[in-house]
Amino acid sequence: MEQRGMLERIKEMTAEAKNIVVLIGVGAVIESGGENLWSSRECYRLESIYHKSPDEMMEVGFYSARRDKFFEFYKKEIIGKDLEPASLYYDIKKMQQQGKIKAIITQNIDGLHNKAGLEGVIELHGNVNDNRCPHCQKTFDLQYMRNAKAVPLCDDCHTSIRPGVLLFGESMDNQKMTEAVNACEGADLILCLGTNMYDGMVKFCTGTYKGEKLVLISPEEHYMDKYADYVVHTKVGEALKFIVE
Ligand SMILES: [Zn+2]
């Protein structure tokens, strides 16, 4: 099916669907003006500044051992930019307001989905807005973390604040994982946005989906695309504008 026909078919399916699950990938961050830190270009740039890969710096062992270096990286590269959600988020919100969405799942940690007003998002890797003192449990917002001079410290007990994101080497929240898989299993339509079928989240969440309406929308082609039932290669924002209007 050519792309236009494919988009029209997806628009029809979306109009009919009542239990849509949306998976939001890193492409949504890029359409909002952010970077994929794990792209080879970014990895190269980060290695040249920090002499470590983003994987190494986001690792729990590095966080424990070199907290100063961790936060130097985290504050600049992870929470340094104040992005605004791309239009795609507001189109998802429209679907949510129409009561068509069963679940929204992401491993993006930037909180763009919150900023756009999406509700009940299953955040498999946490969120940069949810920071907590591990000692007294006091919570801190993103601005507090950004404003900290060096390592962000709890203003009550001076313990270093733990960012609310999953670090490499830590396991995902079991309850969230189950919720995500169950939602996908019972979906009548799955929209995978700004990602690909090779992505860990997509593989994991859609592994038990038995339906035939797995839609992938991404500007980038990938050799695993054939595992989606419908594929459109375009900016997610452009596709959703057409699908949701
Ligand atoms: Zn504290």
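The values are calculated or read from the model by the stated rules, or taken from the named source; none is laboratory data. Predicted, not measured: the structure shown is a model, and the values here were computed from it. Using ideal geometry, Cβ is built from the backbone for each residue, glycine included, and neighbour counts are taken over all protein chains shown.
Structure summary
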| item | result |
| --- | --- |
| Residue among A116, A103 that alone is touching a helix residue (DSSP H, G or I) at 6+ places or on another chain (Cβ under 6 Å), more than 16 Å from the ligand (Cβ to nearest atom), small (G, A, S) and under 20 Å from S32 (Cα atoms) | A116 |
| Qualifying residue in the stretch 137-144 (condition: of a type in the set (A, V, I, L, M, F, W, C), surrounded by 14 or more Cβ atoms within 10 Å (Cβ to Cβ) and within 16 Å of the ligand (Cβ to nearest atom)) | yes |
| Total residues in the stretch 57-86, condition surrounded by fewer than 16 Cβ atoms within 10 Å (Cβ to Cβ), touching a residue at least 24 places away in the same chain (Cβ under 8 Å) and in a helix (DSSP H, G or I) | 4 |
| Selection status of Y89, away from the ligand (no atom under 16 Å from the Cβ), in contact with a strand residue (DSSP E or B) (Cβ under 9 Å, 6 or more places away or on another chain), among the aromatic types (F, W, Y) and not in a loop (DSSP other than H, G, I, E, B) | yes |
| Boolean, T178 is free of Cβ contacts under 8 Å to residues at least 12 places away in the same chain and either in contact with a helix residue (DSSP H, G or I) (Cβ under 7 Å, 6 or more places away or on another chain) or surrounded by fewer than 19 Cβ atoms within 10 Å (Cβ to Cβ) (or both) | yes |
| Matching option when the condition is farther than 17 Å from D91 by Cβ and either touching a helix residue (DSSP H, G or I) at 6+ places or on another chain (Cβ under 6 Å) or of a type in the set (K, R) (or both), among Y63, Y44 | Y63 |
| Whichever residue in the stretch 126-136 is buried (at least 20 other Cβ atoms within 10 Å of the Cβ) and not in a strand (DSSP E or B) and, among such residues, is nearest to the ligand (Cβ to nearest atom) | C133 |
| Verdict on M172 being in a helix (DSSP H, G or I), away from the ligand (no atom under 16 Å from the Cβ) and hydrophobic (A, V, I, L, M, F, W, C) | no |
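Condition check ((1) under 28 Å from I10 (Cβ atoms); (2) at pLDDT 95 or above; (3) not β-branched (V, I, T)) across all residues:
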residue	(1), (2), (3)
I24	yes, yes, no
V29	yes, yes, no
E59	no, yes, yes
G80	no, no, yes
A86	yes, yes, yes
Y90	yes, yes, yes
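Let's see how each residue does on (1) among the hydroxyl-bearing types (S, T, Y); (2) assigned to a helix (DSSP H, G or I); (3) under 17 Å from the mean Cα position of the chain (by Cα):
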position	(1), (2), (3)
M177	no, yes, yes
C184	no, yes, yes
L191	no, no, yes
T195	yes, no, yes
M201	no, yes, yes
